[in-house]
């Protein structure tokens with residue numbers, strides 16, 4: 001029996017999740033992926049919610065149009081968005097204490113104010129949002145791994161999250177963003193990360209968060225960011241973020257807006273390239289005015305970016321004692337569609353690889369990490385919007401960190417690996433369920449914690 005609160009039987013829970021997954025296959029097909037990730041990294045529709053007004057379609061929301069008021073609000077310049085996601089999974093075997101399961105939940109909601117519609121402020125947008133996280137962490141108590149098997153763990157309480165103003169610049173080729181938000185909203189992220197339940201992938205390349213003070217969902221800081229899109233294929237992102245001792249303090253509920261003299265900063269620069277390879281003419285659905293269908297050229301899309309972070313702060317703790325006054329490192333990401341079912345379609349096989357390198361081993365827990373994944377959209381007939389994923393994670397632990405946590409007579413920490421497989425059933429346009437299995441190899445990297453098998457499911461709705 002696997003313990004959950006009042007001794008809920010894990011096998012029964014898994015059976016229910018499995019039945020729900022099978023049941024979902026009988027529902028409608030025209031769906032989009034939804035999930036509020038550990039910021040994340042956002043899913044495509046959540047990216048639109050945070051980045052700017054996107055339009056309102058009642059069928060995409062569980063609560064629909066609520067008698068027409070949501071569409072009226074949107075037309076007037078006020079957009080309401082809300083998502084709720086949960087993970088129920090358990091450690092079947094291995095780890096610290098096998099036979100236990102937990103539920104974690106993440107609710108994310110907010111408002112977007114189109115200032116051009118509301119007050120005539122051209123290109124202006126104001127966003128405010130909040131988060132409520134709940135549930136017990138399975139990883140720390142029962143698995144013992146460096147990487148959490150539940151990406152919704154961290155700050156388990158209500159938070160005021162984003163409060164920022166966004167302004168379009170340079171004929172909409174540029175955007176300035178000022179206020180309270182996190183670096184993970186816009187940097188070191190990909191939509192593909194949101195399909196992993198393990199937070200080593202979901203949200204950000206995890207060693208970037210381990211090894212520097214990289215602000216991430218659900219912890220906002222004072223920040224400024226500038227985005228420039230010189231062409232559809234290239235982008236430049238620059239950001240400056242507050243760094244402080246209390247930036248990850250979950251008792252403040254996101255309400256500590258202070259700036260102290262001991263605070264530092266984290267600067268980020270990211271260059272992006274979004275090509276399409278092997279373009280072919282595809283029917284656009286529009287005509288040239290004479291009745292002739294006008295084709296467009298579409299290929300297999302890819303997304304590539306390279307980022308560098310530099311943080312000036314006096315309190316980066318060295319494993320051997322004392323402090324370092326700065327941190328720096330690099331991250332890189334590439335995803336590419338490698339098989340397309342039909343020209344112009346988004347169904348097919350995608351591959352992604354992401355890597356983080358933070359060379360200061362005296363302060364870096366995981367100086368080198370690589371994530372890789374296969375992602376297929378629509379692998380089953382008539383399930384065009386389902387997603388099938390296979391992920392691999394490798395994290396190399398630094399020798400300095402290994403010495404600091406070493407227990408005499410036990411092995412030194414070396415590396416941790418994870419294999420993950422899952423399938424997201426898109427039940428409706430506004431709901432999904434994703435059964436998932438993770439095989440955690442060498443939890444904690446010490447070699448004396450048995451490999452763990454974690455199974456369960458993630459579920460979510462767009463409200």
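Details
- Any hit, the stretch 275-291, residues being under 30 Å from residue 319 (Cβ atoms) and either without any contact (Cβ under 8 Å) to a residue 60 or more places away in the chain or assigned to a loop (DSSP other than H, G, I, E, B) (or both): no
- Residues satisfying the criterion are present in the stretch 416-423 (criterion: more than 20 Å from the chain's Cα centre (by Cα) and under 30 Å from residue 321 (Cβ atoms)).
- Members of the stretch 32-61 that are touching a strand residue (DSSP E or B) at 6+ places or on another chain (Cβ under 6 Å), over 19 Å from residue 168 (Cα atoms), at pLDDT below 90 and part of a loop (DSSP other than H, G, I, E, B): 34, 35
- Within the stretch 236-251, the only residue that satisfies the criterion of being touching a residue at least 40 places away in the same chain (Cβ under 8 Å) and under 20 Å from residue 171 (Cα atoms) is 237.
- Out of 269, 224, sole residue that is loosely packed, with under 15 Cβ neighbours inside 10 Å and in a strand (DSSP E or B): 269
- Every condition in (1) touching a residue at least 60 places away in the same chain (Cβ under 8 Å); (2) crowded, with 19+ Cβ neighbours inside 10 Å holds for residue 343 except the one numbered (2).
- Counting residues in the stretch 62-72 that are in contact with a strand residue (DSSP E or B) (Cβ under 7 Å, 6 or more places away or on another chain), in a loop (DSSP other than H, G, I, E, B) and in contact (Cβ under 8 Å) with a residue 60 or more places away in the chain gives one or more.
- Annotation: of all residues in the stretch 79-100 being out of contact with any helix residue (DSSP H, G or I) (no Cβ under 7 Å at 6 or more places or on another chain) and more than 30 Å from residue 68 (Cα to Cα), the one that is surrounded by the fewest Cβ atoms within 10 Å (Cβ to Cβ) is 93.
- Selection count, the stretch 198-221, where residues are free of Cβ contacts under 8 Å to residues at least 60 places away in the same chain and assigned to a loop (DSSP other than H, G, I, E, B): 1
- In the stretch 363-396, the qualifying residues are those that are touching a strand residue (DSSP E or B) at 6+ places or on another chain (Cβ under 7 Å) and assigned to a loop (DSSP other than H, G, I, E, B), and the one that is surrounded by the most Cβ atoms within 10 Å (Cβ to Cβ) is 366.
- Single condition residue 254 does not satisfy, out of (1) buried (at least 17 other Cβ atoms within 10 Å of the Cβ); (2) assigned to a strand (DSSP E or B); (3) in contact (Cβ under 8 Å) with a residue 60 or more places away in the chain: (2)
- Matching residues in the stretch 420-460 - criterion: being surrounded by fewer than 20 Cβ atoms within 10 Å (Cβ to Cβ) and more than 21 Å from residue 199 (Cβ to Cβ): 428, 431, 447, 448, 450
The values are calculated or read from the model by the stated rules, or taken from the named source; none is laboratory data. Please read these numbers as outputs of a predicted model, since none were measured by experiment. With ideal geometry, Cβ positions are generated from the backbone for all residues, glycine too; neighbour counts draw on all protein chains shown.
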